[in-house]
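Undergrad: Pasting a structure below so you can have a look.
The values are calculated or read from the model by the stated rules, or taken from the named source; none is laboratory data. Fair warning: this is a prediction, and the values are worked out from it, not measured in the lab. So basically every Cβ, Gly included, is an ideal-geometry build from the backbone, and we count neighbours across all protein chains shown.
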Amino acid sequence: MSKIKEVIKRNGTIVPFNPERIMNAIYRSAVSVGGRDKETAKELADKVVIELESRIQEGFKPNIEEIQDVVEKVLINNGHATVAKEYILYRDEQKQKRESNAEQGSRSAEKIPWEKIWHVYNWTVENNLNTFEKLNAKIDAGNFTDIVKVAEARYEKDVDKAAELILKRSDKLKMVFISGPSSSGKTTTTIKIEQRLKKQGLSFVTLNIDHYFFDLALHPKDEFGDYDFETPQALDLPLINEHLKKLSAGEKVMIPSYDFKQGLRTLNKTPIQRKDNEIILIDSLHGLYPQFSEGIDDEVKFKLYLEPLVQIKDANNKFVQWTDIRLMRRMLRDSVQRAYDPQQTLEHWHYVRASELRHIIPYSNNADFIISSGMPYELSLYRFLLFDKFAEWVKLFKGNPLKIDAYTRAERTYNMLKGIRPIEDDSAVPTDSVLREFIGGSEFEY
């Protein structure tokens, strides 16, 4: 039992001391540089606790910075300089994020696809959908079906353009990556692009990246102890890269198989080979992550990025945040497809967001084309489906120092949804809509 009972967070709140968080932080840093030894991570974490206890009197509460300073010292003194460097880099990165006042999280200006955003914003202005007031007025006038039609047409136009660009390069292309953060609509968009290109005579072989997860026991955890499936280090990146190189060269590979119920991977399970007239189709969170396809010529790759770039201002004249749209989408999808309670999704969103800010969004401008999967009208559906739950979460998490992130997101989303008209009847939404991936009723099988 540690002498340390509580620690002081950066915002001044006092929370229980949890040594496992130190172990998780060390292990995550080790995983980032290729290590997967949890026992060593635990031994190092124990040394950090011993060092902390030797410095303080019983009952003293260390702050987060003091703990992190000791972690760096222990890593370096025990011959883990490479891991220490990664830990220091991540720590500095988090500091910069905290100091950033950017409205869209911590994304710096160069990471934001400004040109695409301008086109989407221009579309919302032209269609009088750029504010809640205008959207509500159209709904009140009985024009919800018309809103759905114009929004779906804009998205389909994006998909058409992506397919057209792929077709133009099809003589050299060997692989197409469809990437984007969680709940951006990758699965539906992948199906739609494949449908369009098959009509033009192209053939595809699909590579399911989910089979490249490491065994669950080797997965890194976040600082709260949750298994982090969102980080690229949860995937066997060297094996993915090796297989992509061989497949692009026309060689046969044996891909692994992953059992999600048991959290175990079996190597060399299924043969796959790309024929001369086939393109490898890859739907993955991390398709744009450099290590994913490093060493493969860019001319044989087409990189597509998705994000619901809804450009609409709420009742307080603030743009709706895309991460909140995707959070609500994932709540609905997880509740149906994974039997997750929406509250679980909210409480786990912190590590989803942390990973995408570090490993996904920074590479969005490396894409060959960006599709906006966002629909202004989807907010009205979420207002009906989730508003009461957000009201409950605001009350539940208020004042809880261990649930600050969940409370902040719940309060922001609750206040945003208050200003939008609810729509219960979703029959106007096409069965092939990207939103059906989340609200149910899709004609596609996921």
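Undergrad: Any idea which of THR131, THR188 is polar (S, T, N, Q), in the same structural domain as LEU207 (by TED's automatic domain parsing), in contact with a helix residue (DSSP H, G or I) (Cβ under 8 Å, 6 or more places away or on another chain) and buried (at least 16 other Cβ atoms within 10 Å of the Cβ)?
TA: THR188
Conditions (1) touching a strand residue (DSSP E or B) at 6+ places or on another chain (Cβ under 8 Å); (2) closer than 25 Å to ARG412 by Cα; (3) surrounded by fewer than 18 Cβ atoms within 10 Å (Cβ to Cβ), marked per residue:
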| site | (1), (2), (3) |
| --- | --- |
| ASN277 | yes, no, yes |
| GLN291 | no, no, yes |
| LEU304 | yes, no, no |
| PRO308 | yes, yes, no |
| ASN316 | no, yes, yes |
| GLN321 | no, yes, no |
| ARG329 | no, yes, no |
| GLN337 | no, no, yes |
| THR345 | no, yes, no |
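Undergrad: Contact list please: Cβ distance under 6 Å, first residue in the range 288-312 and closer than 23 Å to LYS116 by Cα and in contact (Cβ under 8 Å) with a residue 60 or more places away in the chain, second residue assigned to a strand (DSSP E or B) and charged (D, E, K, R), pairs at least six apart or on different chains.
TA: Partner pairs satisfying both residue conditions: LEU288/LYS303.
This table checks each residue for (1) within 29 Å of the chain's Cα centre (by Cα); (2) modelled with pLDDT under 80; (3) surrounded by fewer than 15 Cβ atoms within 10 Å (Cβ to Cβ).
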residue: ASN11; (1), (2), (3): yes, yes, yes
residue: ARG21; (1), (2), (3): yes, no, no
residue: ILE26; (1), (2), (3): yes, no, no
residue: SER32; (1), (2), (3): yes, yes, no
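Undergrad: In addition: Does PRO271 meet the test of being surrounded by fewer than 23 Cβ atoms within 10 Å (Cβ to Cβ) and at negative phi?
TA: When the stated conditions are applied, PRO271 passes them.
Undergrad: Right, another one. Please enumerate the residues belonging to the range 255-270 that are polar (S, T, N, Q) and touching a strand residue (DSSP E or B) at 6+ places or on another chain (Cβ under 9 Å).
TA: Correct list: SER257, THR266, ASN268, THR270.
Undergrad: Among (1) over 19 Å from GLY35 (Cβ atoms); (2) surrounded by fewer than 19 Cβ atoms within 10 Å (Cβ to Cβ); (3) modelled with pLDDT of 90 or more, there is one condition ASP215 misses while meeting the rest; what is its number?
TA: That leaves (1) as the condition not met.
Undergrad: Any residue at all in the range 428-435 that's closer than 30 Å to THR190 by Cα, modelled with pLDDT of 95 or more, among the hydroxyl-bearing types (Ser, Thr, Tyr) and surrounded by 15 or more Cβ atoms within 10 Å (Cβ to Cβ)?
TA: Checking the range 428-435: at least one residue is closer than 30 Å to THR190 by Cα, modelled with pLDDT of 95 or more, among the hydroxyl-bearing types (Ser, Thr, Tyr) and surrounded by 15 or more Cβ atoms within 10 Å (Cβ to Cβ).
So that you can scan it fast, the table gives a plain yes or no per residue for (1) without any contact (Cβ under 8 Å) to a residue 12 or more places away in the chain; (2) under 22 Å from the mean Cα position of the chain (by Cα):
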residue	(1), (2)
ARG383	no, no
ASP388	yes, no
PHE397	no, no
GLU411	no, yes
SER427	yes, no
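Undergrad: Assuming ALA163 fulfils every condition listed in (1) crowded, with 16+ Cβ neighbours inside 10 Å; (2) in contact (Cβ under 8 Å) with a residue 60 or more places away in the chain apart from one, which condition is it?
TA: (2)
Undergrad: Here's another thing I want to ask about it. Within the range 74-123, take every residue that is surrounded by fewer than 14 Cβ atoms within 10 Å (Cβ to Cβ), more than 23 Å from the chain's Cα centre (by Cα) and not assigned by TED's automatic domain parsing to the domain that holds ASN366 and give me the one that is modelled with the lowest pLDDT.
TA: ALA81
Undergrad: Give the range 391-427 a look and list any residue that's among the hydroxyl-bearing types (Ser, Thr, Tyr) and surrounded by 14 or more Cβ atoms within 10 Å (Cβ to Cβ), or say none.
TA: TYR407, THR413, TYR414
Undergrad: Would you check which residues across the range 46-58 are at pLDDT 85 or above and either basic (Lys, Arg) or under 31 Å from the mean Cα position of the chain (by Cα) (or both) and list them?
TA: LYS47
Undergrad: When the range 233-276 is examined, which residues are found to be of a type in the set (Ser, Thr, Tyr) and free of Cβ contacts under 8 Å to residues at least 12 places away in the same chain?
TA: Result: THR266, single match.
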